[in-house]
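Quick note: the coordinates plus some simple rules give every number you see, no bench work behind them. Worth saying up front: this structure is predicted, and the values here are computed from it rather than measured. Reconstructed Cβ throughout: ideal geometry from the backbone, glycine too, with neighbour counts over all protein chains shown.
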Amino acid sequence: MLESAPNFRDIGGYATSDGATVAKGRVYRSQVVAAPTAADHETLRQIGLRYVCDLRGARERASTPSRWPEGHAPVERNLDIGVDVRAGSEQLLAILVEDPTAAGVRRMMEMNYSLLPRAFADGRLGLFLDDLLQGDKFPAVVHCTAGKDRTGFVCAMLLLTLGVPLETVRHDYMLTERFIDFDTMMVNSASYLKAIVGERVEPDDAMLRMLCGVEPDYLNASFAVIERDYGSVEEYLAETAGLDAGKRDRLRAMMLG
């Protein structure tokens, strides 16, 4: 939908388990929109974004600011989720330093996703959902740097809350493989990996694809932690985001067609 951010996409259109449909034009998911083209500016003006939930850490935002059309700047909520290698998480970087191989990258990515439920458990996910519940924040977009890991987790939680079946949620998550600009990401990630591991290893295609792509096992690592520690996604959201039955019904009324 955006030339400069191909992973910008609408999460609407999915059917729920009870026969409703997630309305289009309510919530978008994206990578960072840092260098929009003239056509992108026009698309964003037509969409008329009113709210942005930026999941990146402060260092990421400072190094790569978002660029929204002048005169159409949306309200921004910065959640500062630092559990990501791009945010400089020392715990994740240590895995790559110890094992700079494709297997090490996979282990790091699965660890990343296993940490996401706790990273959002301090009320930050609740801030995003409460913002949506105000009703004046649509159209909204949620994004991180690549629009796949932190964003993928949040969008999975939102779609499951709306009643979208798990397999459909997995499908939406995996669509990143179709939309992401792998060539650009892999070039940027190669430089980043070299800065982490030094000259010991030249990042190869397998390592870069593990880092830049999405895998079912990545998202499964998040679900496994939620099931182990909370029992279900519904209980996780109730305990960590304050999403009780009343709020859930209100959100569904706002976002289902």
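Some observations on this one:
- 10 Å Cβ shell holding at most 16 others, DSSP loop, GluC sites (Glu not before Pro): longest site-free stretch of the chain: 71-198
- FRET efficiency estimate (nearest 0.05) - Cβ-Cβ, Arg170 to Ala253, R0 22 angstrom: 0.30
- Pairs of lysines in the chain (C-alpha under 21 Å apart; 8 or more residues apart or interchain): 4
- Sum of side-chain charges, Leu175 neighbourhood, beta-carbon under 12 Å (Lys, Arg +1; Asp, Glu -1): +2
- Note on Rg and Dmax of the Cα atoms in Å: of the candidates (1) 16.7, 53; (2) 41.8, 138; (3) 17.8, 55, the value calculated from this structure sits at (3).
- Across segment 155-174, the residues whose backbone nitrogen lies under 20 Å from the label position 7 Å along the beta-carbon direction of Thr16 are 155-173.
- Full extension of the chain segment joining Lys194 with Ala62 gains 45.4 nm, where the gain is 0.36 nm per residue of separation less the Cα-Cα distance.
- DSSP beta bridges fully contained in segment 9-255 are about 20 percent antiparallel.
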